[in-house]
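Notes follow the structure.
Coordinate-derived values only; no laboratory data. Everything numeric in this text was worked out from a predicted model, so none of it was measured. Counting neighbours? That spans all protein chains shown, and the Cβs are built from the backbone with ideal geometry, glycine included.
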Amino acid sequence: MAIGYLGPEGTFTHAAARELRPGADLVALTTQAQAIALVEDGSIEGAVVPVDNTVNGVVLPTWDALLGTTASRIVADTLVPVTFNAYALTGDVVPEVVVSHPHALAQCARYVSSLGVPSRAASSTAEACASLAPGEVAIAAPVCAELYPVATIATKVEDGAGAITQFGVVSRDDVRPTTDRWTTVFAALPERNAPGSLAALLTPLASLGCNLENIVARPLRGSVDYVFLLFVTDLDQDREASALDSLRAQCSGLSVLGRLAAAKHSRPDGASGIPARLAPVRS
Ligand SMILES: O=C(O)C(=O)Cc1ccccc1
């Protein structure tokens with residue numbers, strides 16, 4: 001059966017899909033929500049989707065789509081370095097609009113603003129190349145120069161070198177990582193919205209020796225409550241079972257949205273990634 005990915009050919013997701021599922025029948029789709037829905041209803045075997053990146057953080061549409069499923073989860077992942085080129089139909093383009101996937105536009109904000117023209121979101125970087133019109137500049141992967149009839153007008157247009165995107169395979173099969181340790185992403189709905197509820201949920205994780213690496217609150221539609229996505233690292237089978245037990249005791253709803261095993265991101269610019277506003281509070 002097929003593996004879906006955010007297409008068309010030449011997206012960063014396509015590169016990740018080839019690495020994660022070599023030789024698979026890859027099917028180009030238009031959004032990660034569509035891809036995840038097709039996995040959930042059994043129309044395709046799996047889907048490759050972006051889950052996190054070093055510039056924008058967790059990819060919310062992916063996790064929100066997973067929250068809308070009951071049987072699907074992330075079962076494998078990889079880290080892909082991303083670098084962007086700018087393309088037009090001809091080398092002498094006078095730019096009128098710059099087009100790309102919102103992540104690409106965000107990661108190339110300085111170049112986009114240097115063009116001094118409006119930007120427009122495309123469903124993917126490669127789609128921006130595939131549908132390029134006169135006066136448009138597309139931002140996409142270097143491989144798009146070989147796949148589409150475009151002229152390269154600038155290379156390495158990202159704001160900071162070393163950006164990495166983490167991609168995952170969504171599947172209905174409950175495949176466990178083959179590594180010793182991994183990160184489990186729990187979706188946790190605390191039993192009460194009251195002082196100390198979140199602390200009560202999280203404190204036992206520390207006693208188990210699990211590291212809460214990231215926490216993301218997503219609004220629970222139709223209420224004032226939040227569901228918390230907990231990225232808990234350093235887990236193995238036993239620790240994950242203990243973490244599940246301790247969370248279950250404090251939650252009215254709990255699920256595993258995925259397990260991530262690829263090596264953790266290294267901060268590309270070292271300490272320079274810290275915003276000046278967060279200058280050290282102690283000298
Ligand atoms: O549009 C693409 O090529 C994608 O795969 C999504 C994306 C965009 C920018 C950085 C990483 C992933």
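Once backbone amide H atoms are built at 1.01 Å from N, ALA2 has GLU45 as its partners under 5 Å, excluding neighbours fewer than 5 places away on the same chain. By the equivalent-ellipsoid construction on the alpha carbon gyration tensor, the chain comes out with semi-axes of 36, 23, 17 Å, ordered largest to smallest.
Across every direction, the projection of the convex hull enclosing the Cα atoms of segment 176-268 has a mean area of 6.7 nm².
Test of understanding: what is the full-extension gain from ALA217 to VAL94, defined as 0.36 nm times their sequence separation minus their Cα-Cα distance? Provide the component values of the computation, followed by the final result.
Working: separation 123, 0.36 × 123 = 44.28 nm, distance 4.27 nm.
Working it through step by step, the gained length comes to 40.0 nm.
Relative to the longest principal axis of the Cα atoms of the chain, the long axis of helix 237-248 lies at roughly 80 degrees. For segment 147-161 versus segment 33-72, the spacing of their alpha-carbon centroids is 28 Å.
Taking the three principal axes of the alpha carbon atoms in segment 85-154, the coordinate ranges are 25, 23, 17 Å, sorted in descending order. Each of the peptides 49-60, 187-198 was scored by the mean count of other Cβ atoms within 10 Å over its residues; in descending order, highest first, they stand as 49-60, 187-198. Result for the chain in a Gaussian network model with C-alpha springs under 10 Å: among ALA140, ALA16, ALA241, the largest mean-square fluctuation is at ALA241. In this label model, ALA33 and ALA106 are separated by 1.6 nm, measuring between points 7 Å along each Cα→Cβ vector.
Annotation: peptides 95-104, 112-121, 201-210, ranked by per-residue average of other Cβ atoms within 10 Å with the highest first, follow the order 95-104, 201-210, 112-121.
Extension gain, ASP25 to MET1, is 7.9 nm, computed as 0.36 nm per intervening residue step minus the present C-alpha separation.
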